[in-house]
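Down below is the structure, laid out as structure tokens.
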2 protein chains.
Amino acid sequence: MSEAVLSFEGARERFADELERRLHAAIVGEGVLFDAARYHLETGGKRLRALLPPWLAHNLGGHAEDALDLGVALELVHNGTLVHDDLQDGDVQRRGRPTVWSRYGMPQAVNVGTALLLLGIAQVLRSAVGPRVIADVNLAILRVVEGQALEFELSLDPHPTPDKWRRMAEGKTGALFGACFLAGARAAGRDDEDCDAMQALGRELGVFFQLQDDLLDLVGDKGREVPATDIAEGKISWPVAWVAERAAPLERERLMAIVRAPRAETSRAMVTEALAILDATGALAACAQATAAMAERLEHAPLAHAMPGLVARVLAPVAHAIP
Amino acid sequence: MSEAVLSFEGARERFADELERRLHAAIVGEGVLFDAARYHLETGGKRLRALLPPWLAHNLGGHAEDALDLGVALELVHNGTLVHDDLQDGDVQRRGRPTVWSRYGMPQAVNVGTALLLLGIAQVLRSAVGPRVIADVNLAILRVVEGQALEFELSLDPHPTPDKWRRMAEGKTGALFGACFLAGARAAGRDDEDCDAMQALGRELGVFFQLQDDLLDLVGDKGREVPATDIAEGKISWPVAWVAERAAPLERERLMAIVRAPRAETSRAMVTEALAILDATGALAACAQATAAMAERLEHAPLAHAMPGLVARVLAPVAHAIP
């Protein structure tokens, strides 16, 4: 191994500036398309997908530098999906600024999201490891798009279940995390078996991340107000899917009626009622338990030593709600 | 050379069925995303981008079979851009059937268009020649998206010109034709110089194709009614850009007012008036002349022997309007 294991914070300190520099350098064109892409990138974000490949490459015994461009590539891809996602969900703000579609219009948002995906693919191809990961990265992006399609299907499905939720989350969130983990392993020169195991680990981490996100929306960050925007937006989160499958008809039907009411017609009182149903039926407790069980499994996965502290980090915002 | 030069019709007879089979086989998934992608493909089309790579590969001395998957890939990409284009333009019908967005909704149309692009990239990567063309193909798709962005910019530009129109057309239509020509040359094992020349030739053919399309919209196919839908849709076609740059203020301002009026408020009388302005100012004649001059240049390009009859074929629908 080239150096001692790096913590997530250590990796961020070492690579965040360089990743940010390369991220902006990757958007090379002029005109409205590239201006809008830069505008979107400036809304910021955790840049988690950018950091994962170099961090993991280092901790798997390789050189982080070999995975910097792959990190940049996957962060560009992630941001492309966000631009499309904001448009599809009708979200007018992201981190306090107008989203691309609400500022530049629907047609340009379609273009900008697609352009960021293509810039990401171009960045993969520029990397020395690129030829060995491009087919998997491309397939992962297709899985993300499929996950987004499944999310809309699920929101109209008369019988949502946690299994259907998982299939959606494996695509929407898991596929790109899987690609980040695979990129780190390939850059570190690991064999196919390790690469497959890392990709599977990343995919599971993505599902775990989404499960935490669903729970967070309902129980809130410590000290933060509970917004439960997923309920107003009509999203089938894991706890809602749990109620839809397991709860008694009365609770199930009332919750689904609230979730599926148009956003503008969902009152604060209805959201409070939905939260009460999720609590009383045991859906919140089941979600907290599923989250804890998943964290436990991830911590003990064979290659989990490459991501020290990451599970706890993902868990932190909802830790207060976990038994 | 493996065999005598093939005509376009000869190539179509030989490869069309196999291309169609592979095109459908390339859409492998289940669920609404892939159902909608198949639905779109079934609207048909000329499959010109599919046929170009094998046809050109053959006529450049290679084996057409080596370029079949590249043709399928570029046809998938083209169809992805059409799905996005129909959404962006608000077109509710394509070849007499509801467009993807009008049948499946905006969010799924964003997904379906993106998925077709990614399936196209996957198909390039499956081809033996794939690694040698993937970066150029990916860049070409980015240029198409940039061209679509420029088209919207041009529709709002206070000073459209034929030069700005050309830049837009080089992206929107030229880039993918360029990729088709490059794919054919690479599959035939041609050297970098020939590949570059073929890509440039394809790009020019794409601009020529778009110029013909703009003219066709105004002068109509022989025996067909003249719809001039571009004017109602607010598109800055080449003749409109010519008037905006060259005509006297009175004609210029009246034409732009008609072109920029909302689609629903553009009466048949206004379209007739716009056509009269395009005729009286000499824009139609200039467009016909530019088309003829471009055809002449393309016919005499160094590698034009690889595409026998293609220029005449593109010209056929507007030939009656060419001096």
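For this structure, a couple of remarks:
- Trypsin sites (Lys or Arg not before Pro), loop per DSSP, at most 15 other Cβ atoms within 10 Å - longest free stretch of chain A: A:96-221
- In terms of its C-alpha gyration tensor, region A:134-323 has a prolate overall shape, because the principal axis ratio a/c (a ≥ b ≥ c, square roots of the eigenvalues) is not below 1.5 and a/b outweighs b/c.
- Gaussian network model of chain A, Cα within-10 Å springs - most flexible of A:PHE208, A:PHE15, A:PHE177: A:PHE15
- Region B:116-168 and region B:188-209: distance between their alpha carbon centers, rounded to Å: 15 Å
- Peptide A:105-113, shielding by other chains (average Cβ, 10 Å cutoff): 6
- Whether chain A is rounded, prolate or oblate, judged on the alpha carbon gyration tensor where a/c under 1.5 counts as rounded: oblate
- Relative contact order %, region B:83-129, counting alpha carbon pairs below 8 Å whose residues are six or more apart: 33 percent
- Choice from A:VAL28, A:VAL240, A:VAL110 with maximal GNM fluctuation in chain A (Cα, 10 Å cutoff): A:VAL28
- For the pair region B:1-73 and region A:286-300, the centres of their Cα atoms are 48 angstrom apart.
- Shown for B:HIS320: label points 7 Å from Cα along the beta-carbon vector, and their distances to the equivalent points in the other copies, 7.6 nm in ascending order.
- For chain A, averaging the sequence separation of C-alpha pairs within contact (under 8 Å, six or more residues apart) and dividing by the residue count gives a relative contact order of 17 percent.
- For chain A, the longest principal axis of the Cα atoms and the long axis of helix A:192-219 meet at an angle of about 40 degrees.
- For the segment A:86-97, counting C-beta atoms of other chains within 10 Å of every residue's C-beta and taking the mean gives 1.
- When B:CYS180, A:CYS195 are sorted by how many other C-beta atoms sit within 10 angstrom of their C-beta, beginning with the fewest, the order is A:CYS195, B:CYS180.
- Computed over region A:185-323: relative contact order in percent, which uses C-alpha pairs under 8 Å that are six or more apart: 30 percent
- Segment B:THR272-B:GLU245, length gained on full extension (0.36 nm per residue, minus Cα span): 7.6 nm
- B:HIS320 versus B:HIS63: modelled label distance in nm, points set 7 Å from Cα along the beta carbon direction: 4.6 nm
- Counted charge near A:PRO131, where neighbours are those whose Cβ lies closer than 12 Å (Asp, Glu -1; Lys, Arg +1): +3
- Rounded if a/c under 1.5, otherwise prolate or oblate - the protein assembly as shown, Cα gyration tensor axes: prolate
- With Cα atoms, 0 to 90° folded angle of helix B:106-126 axis to chain B main axis: 40 degrees
- GluC sites (Glu not before Pro), loop per DSSP, at most 15 other Cβ atoms within 10 Å - longest free stretch of chain B: B:43-224
- Note on B:122-130: average number of Cβ atoms from other chains within 10 Å of each residue's Cβ is 2.
- Taking the longest Cα principal axis of chain B as reference, the axis of helix B:249-260 is set at about 60 degrees.
- Distance (nanometres) between label positions extended 7 Å along Cα→Cβ at B:GLN289 and A:ASP35: 3.5 nm
- Take B:GLY282, push a point 7 Å out from Cα through the beta-carbon direction, and compare it with the same point in every other copy: 8.5 nm, smallest first.
- With a simple spin-label model that places each label point 7 Å from the Cα along the Cα-to-Cβ direction, the separation between A:ASP221 and A:ALA128 comes to 3.9 nm.
- Choice from B:ALA122, B:ALA312, B:ALA269 with maximal GNM fluctuation in chain B (Cα, 10 Å cutoff): B:ALA269
Rule-based calculations on the coordinates, nothing more; no lab input. All values reported here derive from a predicted model rather than from experimental measurement. Glycine also receives a Cβ, built like all others from the backbone with ideal geometry; neighbour counts cover every protein chain displayed.
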